[in-house]
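The values are calculated or read from the model by the stated rules, or taken from the named source; none is laboratory data. What you see is a predicted model; the values in this text were computed from it and never measured. We place every Cβ from the backbone using ideal geometry, glycine too, and count neighbours over all the protein chains shown. Quick note on the areas: whole protein, heavy atoms, side chains included, nothing else; ligands and nucleic acids left out. Shrake-Rupley method; radii C 1.70, N 1.55, O 1.52, S 1.80 Å.
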Amino acid sequence: MQLSRKISTDTYYVGSSDRRLALFENIYPIERGVSYNSYIVLDEKTVLLDTVDHSVSRQFMENVKGVLNGRSLDYLIINHVEPDHCATIESIIKEYPEVKIVSNAKAIQFISQFYSFNALERAKVVKEGDVLNTGKHSFTFVLAPMVHWPEVMVTYDTFTKVLYSADAFGTFGALSGNLFADEVEFEKEWLDDARRYYINIVGKYGVQTQNLLKKASALDIAMIAPLHGPIWRENLSWFIDKYVTWSSYKAEDEGIVIVYSSIYGNTEQAMNYLALSLADKGVKNIHMYDASKTDQSILLSECFRYSKAVFASSTYNLEIFPKMEGLLLDLKAHLYQNKKIGLVECGTWALQSGKKMSELLSSMKNIEICLGRSVSILSSAKEETLAELDKLAEELTK
Ligand code: FEO
(Lines give C-alpha, C1' and ligand atoms only; values in the text may rest on other atoms or scores of the structure.)
Protein backbone atom coordinates (compact mmCIF):
# COMPACT_ATOMS: atom_id res chain seq x y z
CA MET A 1 0.00 0.00 0.00
CA GLN A 2 1.29 3.46 -0.94
CA LEU A 3 1.50 5.75 2.13
CA SER A 4 2.61 9.13 0.82
CA ARG A 5 1.41 12.70 1.09
CA LYS A 6 1.69 15.73 -1.19
CA ILE A 7 3.65 18.46 0.60
CA SER A 8 4.10 21.08 -2.13
CA THR A 9 3.58 21.56 -5.87
CA ASP A 10 4.62 18.30 -7.62
CA THR A 11 6.30 17.26 -4.36
CA TYR A 12 5.49 14.18 -2.27
CA TYR A 13 6.68 12.74 1.03
CA VAL A 14 7.65 9.10 0.49
CA GLY A 15 9.51 8.38 3.75
CA SER A 16 8.33 6.26 6.64
CA SER A 17 8.70 5.87 10.42
CA ASP A 18 10.13 3.17 12.67
CA ARG A 19 8.60 2.78 16.13
CA ARG A 20 10.32 -0.55 16.87
CA LEU A 21 13.95 0.55 16.98
CA ALA A 22 15.16 0.96 20.58
CA LEU A 23 18.46 2.73 19.94
CA PHE A 24 19.12 5.12 17.06
CA GLU A 25 22.71 4.71 15.83
CA ASN A 26 22.72 1.84 18.37
CA ILE A 27 23.23 4.38 21.16
CA TYR A 28 20.37 6.91 21.50
CA PRO A 29 17.10 5.69 23.08
CA ILE A 30 14.14 6.70 20.91
CA GLU A 31 10.97 5.97 22.82
CA ARG A 32 9.01 8.05 20.32
CA GLY A 33 10.57 6.28 17.33
CA VAL A 34 12.16 8.02 14.36
CA SER A 35 11.18 8.95 10.82
CA TYR A 36 13.32 8.54 7.74
CA ASN A 37 12.20 11.23 5.33
CA SER A 38 12.45 11.06 1.56
CA TYR A 39 10.80 13.16 -1.11
CA ILE A 40 9.83 12.86 -4.78
CA VAL A 41 9.37 15.75 -7.22
CA LEU A 42 7.36 14.92 -10.34
CA ASP A 43 8.52 17.25 -13.10
CA GLU A 44 9.38 16.69 -16.78
CA LYS A 45 12.08 14.59 -15.17
CA THR A 46 11.43 12.74 -11.94
CA VAL A 47 13.56 13.28 -8.86
CA LEU A 48 13.92 11.33 -5.62
CA LEU A 49 15.66 13.15 -2.78
CA ASP A 50 17.48 10.69 -0.51
CA THR A 51 16.36 7.20 0.44
CA VAL A 52 15.67 5.59 3.85
CA ASP A 53 16.93 3.13 6.45
CA HIS A 54 16.54 -0.56 5.57
CA SER A 55 14.01 -0.99 8.42
CA VAL A 56 11.36 0.90 6.42
CA SER A 57 12.56 -0.09 2.95
CA ARG A 58 9.49 -2.12 1.99
CA GLN A 59 7.07 0.73 2.71
CA PHE A 60 9.44 3.19 1.05
CA MET A 61 9.60 1.20 -2.20
CA GLU A 62 5.80 0.97 -2.27
CA ASN A 63 5.59 4.73 -1.75
CA VAL A 64 8.12 5.48 -4.51
CA LYS A 65 6.47 3.16 -7.00
CA GLY A 66 3.04 4.48 -6.06
CA VAL A 67 3.95 8.14 -6.50
CA LEU A 68 5.86 7.51 -9.75
CA ASN A 69 2.81 5.57 -10.94
CA GLY A 70 4.58 3.84 -13.82
CA ARG A 71 7.00 6.65 -14.65
CA SER A 72 10.72 5.97 -14.55
CA LEU A 73 13.02 7.63 -12.05
CA ASP A 74 15.51 10.00 -13.68
CA TYR A 75 17.48 11.40 -10.74
CA LEU A 76 18.30 10.36 -7.20
CA ILE A 77 19.75 13.31 -5.28
CA ILE A 78 21.82 12.15 -2.32
CA ASN A 79 22.30 14.79 0.36
CA HIS A 80 23.81 12.47 2.97
CA VAL A 81 25.35 8.99 2.68
CA GLU A 82 24.87 7.78 6.27
CA PRO A 83 23.10 4.40 6.03
CA ASP A 84 19.93 5.61 7.76
CA HIS A 85 19.34 7.50 4.51
CA CYS A 86 21.23 5.47 1.94
CA ALA A 87 20.52 1.86 2.83
CA THR A 88 17.90 1.63 0.10
CA ILE A 89 19.98 2.98 -2.80
CA GLU A 90 20.60 -0.49 -4.21
CA SER A 91 16.86 -1.30 -4.19
CA ILE A 92 16.18 1.93 -6.08
CA ILE A 93 18.84 1.13 -8.67
CA LYS A 94 17.47 -2.38 -9.11
CA GLU A 95 13.98 -1.00 -9.67
CA TYR A 96 15.11 1.96 -11.81
CA PRO A 97 18.34 0.88 -13.54
CA GLU A 98 18.59 4.09 -15.61
CA VAL A 99 18.58 6.42 -12.58
CA LYS A 100 21.41 8.94 -12.27
CA ILE A 101 22.80 9.60 -8.80
CA VAL A 102 23.27 13.32 -8.26
CA SER A 103 25.68 14.26 -5.50
CA ASN A 104 29.10 15.68 -4.73
CA ALA A 105 32.42 13.87 -5.24
CA LYS A 106 32.88 13.00 -1.55
CA ALA A 107 29.40 11.48 -1.39
CA ILE A 108 30.02 9.39 -4.51
CA GLN A 109 33.27 8.17 -2.92
CA PHE A 110 31.41 7.20 0.29
CA ILE A 111 28.67 5.42 -1.70
CA SER A 112 31.41 3.37 -3.40
CA GLN A 113 32.84 2.50 0.03
CA PHE A 114 29.47 1.30 1.36
CA TYR A 115 27.99 -0.46 -1.68
CA SER A 116 29.19 -2.76 -4.42
CA PHE A 117 27.64 -1.15 -7.53
CA ASN A 118 29.68 1.26 -9.65
CA ALA A 119 28.54 4.61 -8.26
CA LEU A 120 30.80 6.72 -10.48
CA GLU A 121 29.38 5.18 -13.64
CA ARG A 122 25.90 6.49 -12.89
CA ALA A 123 26.93 9.65 -11.04
CA LYS A 124 26.23 13.23 -11.96
CA VAL A 125 28.83 14.91 -9.78
CA VAL A 126 27.85 18.37 -8.58
CA LYS A 127 29.67 21.18 -6.80
CA GLU A 128 28.61 24.10 -4.61
CA GLY A 129 26.13 26.27 -6.53
CA ASP A 130 25.54 23.83 -9.39
CA VAL A 131 21.98 23.64 -10.66
CA LEU A 132 19.96 20.67 -11.95
CA ASN A 133 17.00 21.66 -14.16
CA THR A 134 14.21 19.13 -14.44
CA GLY A 135 11.56 21.24 -16.23
CA LYS A 136 9.74 23.71 -13.98
CA HIS A 137 11.94 22.90 -11.03
CA SER A 138 15.61 23.64 -10.65
CA PHE A 139 17.66 22.27 -7.79
CA THR A 140 20.63 24.18 -6.41
CA PHE A 141 23.23 22.35 -4.36
CA VAL A 142 24.78 23.85 -1.24
CA LEU A 143 27.61 21.98 0.47
CA ALA A 144 27.24 21.58 4.25
CA PRO A 145 30.34 19.60 5.28
CA MET A 146 30.23 18.17 8.82
CA VAL A 147 26.59 19.04 9.40
CA HIS A 148 26.92 15.65 10.37
CA TRP A 149 29.32 14.01 7.90
CA PRO A 150 31.88 15.56 5.50
CA GLU A 151 29.90 14.78 2.32
CA VAL A 152 26.65 16.41 3.49
CA MET A 153 24.96 18.88 1.18
CA VAL A 154 21.53 20.46 1.13
CA THR A 155 19.37 21.01 -1.94
CA TYR A 156 17.16 24.01 -2.70
CA ASP A 157 14.29 23.84 -5.20
CA THR A 158 13.92 27.37 -6.58
CA PHE A 159 10.41 26.64 -7.92
CA THR A 160 8.79 25.46 -4.65
CA LYS A 161 11.35 27.23 -2.41
CA VAL A 162 11.78 23.99 -0.46
CA LEU A 163 15.12 23.50 1.26
CA TYR A 164 15.95 19.81 1.59
CA SER A 165 18.12 20.23 4.66
CA ALA A 166 19.59 16.74 5.27
CA ASP A 167 20.19 16.13 9.02
CA ALA A 168 19.89 19.84 9.85
CA PHE A 169 16.52 20.72 11.42
CA GLY A 170 15.86 17.03 12.05
CA THR A 171 14.60 15.43 15.23
CA PHE A 172 13.94 12.06 16.82
CA GLY A 173 10.29 11.01 16.85
CA ALA A 174 8.10 9.02 14.48
CA LEU A 175 5.62 10.92 12.29
CA SER A 176 1.94 10.15 12.75
CA GLY A 177 0.26 11.41 9.57
CA ASN A 178 0.92 15.00 10.61
CA LEU A 179 4.02 15.63 8.56
CA PHE A 180 4.25 19.36 9.27
CA ALA A 181 5.56 21.01 12.43
CA ASP A 182 2.50 23.29 12.41
CA GLU A 183 0.24 20.23 12.65
CA VAL A 184 1.76 19.06 15.94
CA GLU A 185 2.49 20.71 19.29
CA PHE A 186 6.15 21.01 18.42
CA GLU A 187 7.37 23.08 21.36
CA LYS A 188 5.52 20.93 23.88
CA GLU A 189 6.00 17.49 22.36
CA TRP A 190 8.99 17.67 20.02
CA LEU A 191 11.44 20.37 21.09
CA ASP A 192 13.22 18.25 23.74
CA ASP A 193 13.87 15.53 21.17
CA ALA A 194 14.91 18.08 18.52
CA ARG A 195 17.43 19.56 20.97
CA ARG A 196 18.68 16.11 22.02
CA TYR A 197 19.04 15.15 18.36
CA TYR A 198 20.98 18.31 17.47
CA ILE A 199 23.24 18.37 20.54
CA ASN A 200 24.16 14.69 20.41
CA ILE A 201 24.45 14.20 16.68
CA VAL A 202 25.50 17.55 15.25
CA GLY A 203 26.47 19.43 18.44
CA LYS A 204 30.21 19.09 17.94
CA TYR A 205 29.92 20.88 14.60
CA GLY A 206 28.57 24.24 15.69
CA VAL A 207 30.88 26.24 13.43
CA GLN A 208 29.90 24.16 10.41
CA THR A 209 26.22 24.52 11.30
CA GLN A 210 26.67 28.30 11.53
CA ASN A 211 28.25 28.24 8.06
CA LEU A 212 25.20 26.43 6.70
CA LEU A 213 22.84 28.87 8.44
CA LYS A 214 24.74 31.73 6.82
CA LYS A 215 24.40 30.18 3.36
CA ALA A 216 20.72 29.35 3.97
CA SER A 217 19.97 32.93 5.01
CA ALA A 218 20.68 33.99 1.40
CA LEU A 219 17.86 31.74 0.15
CA ASP A 220 14.15 32.55 0.03
CA ILE A 221 12.92 29.49 1.93
CA ALA A 222 9.21 28.62 2.14
CA MET A 223 9.67 25.14 3.54
CA ILE A 224 12.39 23.16 5.29
CA ALA A 225 12.25 19.43 4.59
CA PRO A 226 14.70 17.55 6.83
CA LEU A 227 15.65 13.87 6.78
CA HIS A 228 14.09 13.20 10.21
CA GLY A 229 10.95 14.58 11.83
CA PRO A 230 8.41 17.22 10.85
CA ILE A 231 8.61 19.51 7.83
CA TRP A 232 8.60 23.27 8.46
CA ARG A 233 6.34 25.60 6.43
CA GLU A 234 5.30 28.08 9.18
CA ASN A 235 7.26 29.98 11.79
CA LEU A 236 10.58 28.87 10.28
CA SER A 237 12.46 31.64 12.03
CA TRP A 238 11.52 30.23 15.48
CA PHE A 239 13.24 26.93 14.72
CA ILE A 240 16.13 28.60 12.87
CA ASP A 241 16.67 30.75 16.00
CA LYS A 242 16.96 27.56 18.07
CA TYR A 243 19.67 26.38 15.67
CA VAL A 244 21.45 29.74 15.96
CA THR A 245 21.49 29.35 19.78
CA TRP A 246 22.52 25.70 19.80
CA SER A 247 25.24 26.04 17.18
CA SER A 248 26.77 29.06 18.91
CA TYR A 249 27.02 27.15 22.24
CA LYS A 250 24.85 29.72 24.03
CA ALA A 251 22.55 28.65 26.84
CA GLU A 252 18.99 28.29 25.62
CA ASP A 253 17.48 28.84 29.07
CA GLU A 254 18.58 30.36 32.36
CA GLY A 255 18.67 27.62 34.98
CA ILE A 256 20.82 25.08 36.76
CA VAL A 257 21.18 21.42 35.96
CA ILE A 258 22.50 19.27 38.82
CA VAL A 259 23.90 15.89 37.79
CA TYR A 260 25.10 13.55 40.49
CA SER A 261 26.64 10.09 40.79
CA SER A 262 25.79 8.63 44.16
CA ILE A 263 26.50 5.05 45.28
CA TYR A 264 24.63 4.89 48.61
CA GLY A 265 22.66 8.13 48.47
CA ASN A 266 24.93 10.49 50.44
CA THR A 267 25.98 12.55 47.41
CA GLU A 268 22.35 12.58 46.32
CA GLN A 269 21.28 13.87 49.73
CA ALA A 270 23.90 16.63 49.58
CA MET A 271 22.60 17.64 46.13
CA ASN A 272 19.06 17.78 47.47
CA TYR A 273 20.38 20.15 50.13
CA LEU A 274 22.18 22.25 47.49
CA ALA A 275 19.00 22.41 45.37
CA LEU A 276 16.98 23.68 48.36
CA SER A 277 19.70 26.17 49.19
CA LEU A 278 19.65 27.44 45.59
CA ALA A 279 15.86 27.68 45.63
CA ASP A 280 15.98 29.59 48.94
CA LYS A 281 18.31 32.06 47.24
CA GLY A 282 15.73 32.63 44.52
CA VAL A 283 17.08 30.33 41.80
CA LYS A 284 14.36 28.96 39.53
CA ASN A 285 14.51 26.25 36.92
CA ILE A 286 16.64 23.72 38.85
CA HIS A 287 16.80 20.29 37.22
CA MET A 288 18.33 17.29 39.02
CA TYR A 289 19.46 14.05 37.42
CA ASP A 290 21.04 10.84 38.65
CA ALA A 291 23.76 10.06 36.09
CA SER A 292 23.20 6.33 36.63
CA LYS A 293 19.49 6.60 35.92
CA THR A 294 19.04 9.12 33.11
CA ASP A 295 20.38 8.37 29.65
CA GLN A 296 23.57 10.23 28.81
CA SER A 297 22.05 11.75 25.64
CA ILE A 298 19.41 13.49 27.78
CA LEU A 299 22.02 14.69 30.29
CA LEU A 300 24.17 16.08 27.49
CA SER A 301 21.23 17.91 26.01
CA GLU A 302 20.18 19.35 29.40
CA CYS A 303 23.75 20.48 30.18
CA PHE A 304 23.88 22.37 26.88
CA ARG A 305 20.42 23.83 27.45
CA TYR A 306 21.00 25.56 30.78
CA SER A 307 23.40 28.34 31.69
CA LYS A 308 24.85 26.62 34.76
CA ALA A 309 25.60 23.09 35.94
CA VAL A 310 26.69 21.23 39.04
CA PHE A 311 28.50 17.93 38.73
CA ALA A 312 28.72 15.86 41.91
CA SER A 313 30.54 12.56 41.89
CA SER A 314 31.69 9.88 44.27
CA THR A 315 35.28 8.76 43.96
CA TYR A 316 35.42 5.24 42.51
CA ASN A 317 38.66 3.26 42.09
CA LEU A 318 40.47 6.58 42.61
CA GLU A 319 38.61 7.97 39.57
CA ILE A 320 35.44 9.84 38.77
CA PHE A 321 32.40 7.53 39.09
CA PRO A 322 32.18 5.87 35.63
CA LYS A 323 28.73 7.22 34.70
CA MET A 324 29.84 10.76 35.52
CA GLU A 325 33.18 10.34 33.75
CA GLY A 326 31.33 9.12 30.65
CA LEU A 327 29.14 12.22 30.69
CA LEU A 328 32.06 14.64 31.16
CA LEU A 329 34.04 13.00 28.35
CA ASP A 330 30.98 13.21 26.13
CA LEU A 331 30.56 16.90 27.00
CA LYS A 332 34.19 17.51 26.06
CA ALA A 333 33.77 15.61 22.78
CA HIS A 334 30.78 17.83 21.97
CA LEU A 335 32.71 21.04 22.74
CA TYR A 336 30.69 21.95 25.84
CA GLN A 337 31.62 25.55 26.70
CA ASN A 338 30.57 28.96 28.09
CA LYS A 339 29.17 27.69 31.40
CA LYS A 340 29.35 28.41 35.10
CA ILE A 341 30.01 25.17 36.95
CA GLY A 342 29.85 23.86 40.50
CA LEU A 343 31.79 20.75 41.48
CA VAL A 344 31.19 18.43 44.42
CA GLU A 345 33.22 15.34 45.26
CA CYS A 346 32.43 12.62 47.73
CA GLY A 347 34.30 9.66 49.19
CA THR A 348 35.29 8.02 52.46
CA TRP A 349 39.05 8.04 51.85
CA ALA A 350 41.44 9.27 49.10
CA LEU A 351 39.02 11.67 47.40
CA GLN A 352 39.99 12.10 43.75
CA SER A 353 36.84 12.81 41.75
CA GLY A 354 36.86 16.59 42.38
CA LYS A 355 40.40 17.05 41.12
CA LYS A 356 39.77 14.85 38.10
CA MET A 357 36.45 16.51 37.22
CA SER A 358 38.14 19.89 37.54
CA GLU A 359 40.96 18.82 35.19
CA LEU A 360 38.47 17.59 32.60
CA LEU A 361 36.26 20.67 32.74
CA SER A 362 39.22 23.04 32.74
CA SER A 363 40.24 21.59 29.38
CA MET A 364 36.97 22.90 27.91
CA LYS A 365 36.49 26.44 26.59
CA ASN A 366 35.26 29.25 28.81
CA ILE A 367 34.26 27.15 31.82
CA GLU A 368 34.13 29.01 35.13
CA ILE A 369 34.43 26.75 38.17
CA CYS A 370 32.74 28.34 41.19
CA LEU A 371 35.00 28.79 44.24
CA GLY A 372 37.88 27.65 41.96
CA ARG A 373 37.63 24.16 43.46
CA SER A 374 35.23 21.37 44.30
CA VAL A 375 33.33 21.06 47.57
CA SER A 376 34.43 17.87 49.34
CA ILE A 377 32.13 15.58 51.26
CA LEU A 378 33.71 12.97 53.51
CA SER A 379 31.24 10.06 53.44
CA SER A 380 28.19 12.21 54.20
CA ALA A 381 27.44 15.92 54.44
CA LYS A 382 27.91 17.29 57.99
CA GLU A 383 27.45 20.83 59.27
CA GLU A 384 30.73 22.22 57.86
CA THR A 385 29.99 20.69 54.47
CA LEU A 386 26.50 22.16 54.40
CA ALA A 387 28.04 25.58 54.97
CA GLU A 388 30.33 24.91 52.00
CA LEU A 389 27.34 23.91 49.87
CA ASP A 390 25.58 27.14 50.87
CA LYS A 391 28.68 29.02 49.75
CA LEU A 392 28.62 27.17 46.43
CA ALA A 393 24.92 27.97 46.05
CA GLU A 394 25.69 31.65 46.70
CA GLU A 395 28.40 31.60 43.98
CA LEU A 396 26.01 29.96 41.53
CA THR A 397 23.48 32.75 41.99
CA LYS A 398 25.96 35.36 40.78
FE1 FEO B 1 20.20 10.85 9.82
FE2 FEO B 1 23.58 11.71 9.76
O3 FEO B 1 22.03 10.72 9.42
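Which one, Ser362, Tyr260, Ala309, is farthest towards the positive end of the dipole of the chain when Lys and Arg carry +1 and Asp and Glu -1 on their Cβ? The one lying farthest along the dipole's positive direction is Ser362.
Over all directions, the average projected area of the alpha-carbon convex hull for the stretch 157-243 comes to how many nm²? Projected area, direction-averaged: 5.4 nm². If the segment from His54 to Thr397 were pulled out straight at 0.36 nm per residue, it would be longer than the present Cα-Cα gap by 118.5 nm.
Quick one: among Ala168, Ala144, Ala333, which has the greatest mean-square fluctuation in a GNM of the chain with alpha-carbon springs under 10 angstrom? Of Ala168, Ala144, Ala333, the Gaussian network model singles out Ala333 as fluctuating most.
Between 0 and 90 degrees, the angle of helix 236-247 with respect to the longest Cα principal axis of the chain falls at about 50 degrees. Once you reduce the stretch 4-22 and the stretch 342-387 to the center of their Cα atoms, the two points are 49 Å from each other.
Per-residue SASA remark: Glu395, around 50 Å² accessible (1.4 Å probe; ligands, DNA and RNA not included). Estimated purely from DSSP H runs of n ≥ 4, each contributing -39500 (n - 2.57), the mean residue ellipticity at 222 nm for the chain is -9500 deg cm²/dmol once divided by its residues. Across Lys161, Lys365, Lys124, mean-square fluctuation computed from a Gaussian network of the chain (C-alpha pairs under 10 Å connected) peaks at Lys365.
With all protein chains present, how much of the accessible area of the chain (probe radius 1.4 Å) comes from carbon and sulfur, to the nearest whole percent? Walk me through the numbers on the way to the answer.
On the way: 8300 of 16810 Å².
Carbon and sulfur together cover 49 percent of it.
Between Gln352 and Ser248, the modelled label-to-label distance comes to 4.1 nm, taking each label 7 Å out from Cα in the direction of the beta carbon. Per-residue packing, averaged as other Cβ atoms within 10 Å, sorts the ranges 273-283, 187-197 into the order 187-197, 273-283, beginning with the highest. For the pair Ser292 and Ala222, the difference between a 0.36 nm per residue extended length and the Cα-Cα distance amounts to 20.9 nm.
The distance linking the stretch 163-182 with the stretch 231-286 is 25 Å (Cα centroid to Cα centroid, whole angstrom).
Nearest 5 is fine: what % of DSSP beta bridges in the stretch 169-308 come out antiparallel, could you say?
Values: 1 of 9 bridges.
The antiparallel fraction comes to roughly 10 percent.
With a Förster radius of 25 Å applied to the C-beta separation of Arg71 and Phe117, the computed FRET efficiency comes to 0.65. With the simple model of a label 7 Å out from the Cα in the direction of the Cβ, Glu185 to Ser363 spans 4.3 nm.
How long is the gain from Lys161 to Leu371 if the chain were fully straight, where each residue apart is worth 0.36 nm and the alpha carbon distance is subtracted?
Values: separation 210, 0.36 × 210 = 75.60 nm, distance 5.23 nm.
Here the answer is 70.4 nm.
Provide the percentage of antiparallel DSSP beta bridges, counting only those with both residues in the stretch 32-112; round to the nearest 5. DSSP beta bridges in the stretch 32-112 are roughly 40 percent antiparallel. If the elastic network links every pair of Cα atoms under 10 Å, which of Trp246, Trp238, Trp149 fluctuates the most in the Gaussian network model of the chain? Highest fluctuation among the options: Trp238.
Around Ser313, with a cut-off of 14 angstrom between Cβ atoms, what is the net charge of the other residues, counting Lys and Arg +1 and Asp and Glu -1? Walk me through the numbers on the way to the answer.
Working: positive: Lys323, Lys355, Lys356; negative: Glu268, Asp290, Glu319, Glu325, Glu345, Glu359.
Here the charged neighbours net out to -3.
Note that the stretch 265-380 presents 43 Å² accessible area per residue, ligands and nucleic acids not counted, probe 1.4 Å.
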